[in-house]
Structures are given as structure tokens and as C-alpha cells.
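A.B. asks: Quick one: structure below, then a few questions.
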Amino acid sequence: ATGPASVISCGGGIVLREANRQTMAATGLRVYLQADPAALARRLRSSQNRPLLFGKSPEETLAAQLAQRAPGYEESEIRIEVARLKPDEVVGTIRQKLPAPWSR
């Protein structure tokens, strides 16, 4: 891929396909914003756009999804524990960890 530097936020399930992981590894730097199921459930509690969580225990569903996706997430070059960070702190931490040529 060519073009200006971009940040692309992917859906969490993207890591389930090997072809997707290969494309991401070949074309960019992967950042895993890591949080435990309880923290994720708190953040998503009021969301109406998460059909996989409706009518179920969100924490159990998220734990199962994390277990399934963990191998793909762990391939990320940068991992940041975000459960206790505010959005601006997450951005600052990402910027600190970016290697050249991505850091600007």
C-alpha cells in the first residue's frame, strides 16, 4: 500500500484470518490496545452497536473472544494496557512507543 501515513482501526475479529494478519504485518505497525474482559464490558455497557453482546453475559462473551483472538493480538509490535488510561494517555503512550519511520 502506498499513500500518506494513516491510522486504521480494525475490528477485533480481523486477526482471525491468517491473510489479514499477513497483510497487516507487511504493510504497517500493529498496536494492540489490551484490556481485560471486565474493563471492556464496562466500556461497552451502554453501546447499542454490539450485537454479539446482547442477551448474554458481556464479560463471558468478551473473555471467550479474547481467548480466541489472543494469538493474533500477540503478534502486534506494540502492546499497551489501556484499562486505566484516558484516551489522551493512550495516544501519548502510542506516540512514545512508535519507532522510526512511524514516529513524527
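A.B. asks: Kindly indicate whether ARG30 is touching a strand residue (DSSP E or B) at 6+ places or on another chain (Cβ under 8 Å), among the basic types (Lys, Arg) and within 26 Å of GLU59 (Cα to Cα). Working first, answer last.
C.D. replies: Values: touching a strand residue (DSSP E or B) at 6+ places or on another chain (Cβ under 8 Å): yes; among the basic types (Lys, Arg): yes; within 26 Å of GLU59 (Cα to Cα): yes.
Answer is yes for this residue.
A.B. asks: Quick check: anything in the range 51-65 in contact (Cβ under 8 Å) with a residue 24 or more places away in the chain and not hydrophobic (A, V, I, L, M, F, W, C)? Let's see the steps before the verdict.
C.D. replies: Here is the first cut: in the range 51-65, the residues in contact (Cβ under 8 Å) with a residue 24 or more places away in the chain are 62-63, 65.
From what is left, the residues that are not hydrophobic (A, V, I, L, M, F, W, C) are 65.
Yes, because at least one residue in the range 51-65 is in contact (Cβ under 8 Å) with a residue 24 or more places away in the chain and not hydrophobic (A, V, I, L, M, F, W, C).
A.B. asks: Another question, if that's okay. Does the range 92-104 hold any residues that are surrounded by 12 or more Cβ atoms within 10 Å (Cβ to Cβ) and in a helix (DSSP H, G or I), and which are they?
C.D. replies: GLY92, THR93, ILE94, LYS97
A.B. asks: Which ones in the range 23-32 are surrounded by 14 or more Cβ atoms within 10 Å (Cβ to Cβ) and either part of a helix (DSSP H, G or I) or touching a His at 6+ places or on another chain (Cβ under 7 Å) (or both)?
C.D. replies: Here is the first cut: in the range 23-32, the ones surrounded by 14 or more Cβ atoms within 10 Å (Cβ to Cβ) are 24, 28-32.
Scanning the range 23-32 gives a single hit, MET24.
A.B. asks: Can you tell me how many residues in the range 75-90 are exposed (fewer than 12 other Cβ atoms within 10 Å of the Cβ) and either outside any helix (DSSP H, G or I) or modelled with pLDDT under 95 (or both)?
C.D. replies: The qualifying residues number 3.
A.B. asks: Would you point out which residue out of GLN48, GLN34 is touching a residue at least 40 places away in the same chain (Cβ under 8 Å) and not aliphatic (A, V, I, L, M)?
C.D. replies: When all the criteria are applied, what remains is GLN34.
A.B. asks: Within the range 49-61, is even one residue more than 15 Å from the chain's Cα centre (by Cα), modelled with pLDDT of 95 or more and assigned to a helix (DSSP H, G or I)?
C.D. replies: Going through the range 49-61, the residues more than 15 Å from the chain's Cα centre (by Cα) turn out to be 49-61.
Keeping just the survivors that are modelled with pLDDT of 95 or more gives none.
No, every residue in the range 49-61 fails to be more than 15 Å from the chain's Cα centre (by Cα), modelled with pLDDT of 95 or more and assigned to a helix (DSSP H, G or I).
A.B. asks: Please determine, by comparing only the residues of the range 1-22 that are at pLDDT below 95 and within 17 Å of the chain's Cα centre (by Cα), which one is surrounded by the most Cβ atoms within 10 Å (Cβ to Cβ).
C.D. replies: If we filter the range 1-22 for residues that are at pLDDT below 95, which is where we start, we get 1-13.
Of the ones still in play, those that are also within 17 Å of the chain's Cα centre (by Cα) are 6-13.
On the way: SER6: 7, VAL7: 10, ILE8: 9, SER9: 6, CYS10: 10, GLY11: 7, GLY12: 15, GLY13: 13.
Step by step, filter the range 1-22, then rank; the result is GLY12.
The values are calculated or read from the model by the stated rules, or taken from the named source; none is laboratory data. Keep in mind that what you see is a predicted model, and the values were worked out from it rather than measured. Ideal geometry is used to build each Cβ from the backbone, glycine not excepted, and the neighbour counts take in all protein chains shown.
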